[in-house]
Amino acid sequence: NNPVAVVTVPGPVPTGTTIVTTIPPTTAGGTPTVITTVVPPAGGPVNVPLPHTQGTFTPSIVVTTPSGNSTAPVTATTTVDTTPPTVSIDAISTDDIINSTEHQATLDIKGTVTGVEDGQHITVSLNNHNYDVVVKGGTWSTTVPSTDVTALATGKTDVTATVTDVAGNTNSTTQSIT
């Protein structure tokens, strides 16, 4: 994911109108980053690319027409999150082995996440079926219907949990059951 700031410029605007985004340096004595983006003549929302650097910064944005008319600088504190979340799957059926009795019943699959906001969705994949789970309090849980458990073949089968945080960072983990 490349972070962007969306700047809406009311149109129409003269051809050659630009948005100049100045991002302060991240270290003392460093050089600010200056990004110039051309505004389409119709105006509207413009995606201004931001550095792909983890952290919080306050860019200054100025819109300038070709004749030199400029807006006053507008600033907004922006946080770029490039850290992927973590997701784990707890032991399934206490030992990751589905015995003959469990093979006829529903199967609870649960786990934990870090760096994921409540309400985000996890996709749990098992035997070509996907189960949608919602994160709450750093945990998640789903119940696989007995018809899907009965359909599991004998031998090793992988369970995968995939999560994406609100910043768009994705991570997954896989655990085998037999």
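The values are calculated or read from the model by the stated rules, or taken from the named source; none is laboratory data. These figures come from a predicted structure and were not determined experimentally. FYI the Cβ positions are ideal-geometry reconstructions off the backbone, even for glycines, and counts take in every protein chain you see. Heavy atoms of the whole protein, side chains included, go into the accessibility calculation; ligands, DNA and RNA do not. Shrake-Rupley method; radii C 1.70, N 1.55, O 1.52, S 1.80 Å.
Annotations
- Length released on extending from Ala151 to Val20, taking residue separation times 0.36 nm less the Cα-Cα span: 41.3 nm
- Per-peptide average of other Cβ atoms within 10 Å, ordering 94-102, 162-170, 32-40 highest first: 162-170, 32-40, 94-102
- Between the stretch 31-57 and the stretch 96-128, the C-alpha centres lie 41 angstrom from each other.
- Gaussian network model of the chain, Cα within-10 Å springs - most flexible of Gly55, Gly16, Gly29: Gly29
- With one equal scatterer per alpha carbon and no solvent term, the Debye-computed log10 I(q)/I(0) for the chain at 0.13, 0.16, 0.20 1/Å reads -0.75, -0.91, -1.20.
- Cβ-based charge dipole, the chain, positive-most Cα from Pro49, His121, Thr83: Pro49
- Label point at Ala167 placed 7 Å out along Cα→Cβ; residues across the stretch 134-152 whose backbone nitrogen lies under 20 Å: 135-139
- Distant-in-sequence amide contacts of Gly44, defined by a placed amide H-H separation under 5 Å and a gap of 5 or more residues or a different chain, comprise Val9, Gly11.
- Each Cα pair under 8 Å and six or more residues apart adds its sequence gap; the mean of these over the residue count of the stretch 21-120 is a relative contact order of 21 percent.
- Measuring nothing but how far apart in sequence close Cα pairs (under 8 Å, 6+ apart) lie, relative to its length, the stretch 103-178 scores a relative contact order of 34 percent.
- Residues listed by number, the stretch 66-83, amide nitrogen under 16 Å from Thr36 label point at 7 Å toward C-beta: 66-71
- Here the contact order of the chain, divided by its residue count and restricted to Cα pairs under 8 Å and six or more residues apart, works out to 19 percent.
- Placing +1 on the Cβ of every Lys and Arg and -1 on the Cβ of every Asp and Glu, with nothing else charged, gives the stretch 65-178 a dipole about its Cα centre of roughly 200 debye.
- Carbon and sulfur %, accessible surface of the stretch 65-125 computed with the full protein complex present, 1.4 Å: 52
- Most mobile listed residue (Lys110, Lys156, Lys136) in the chain, GNM with C-alpha springs under 10 Å: Lys156
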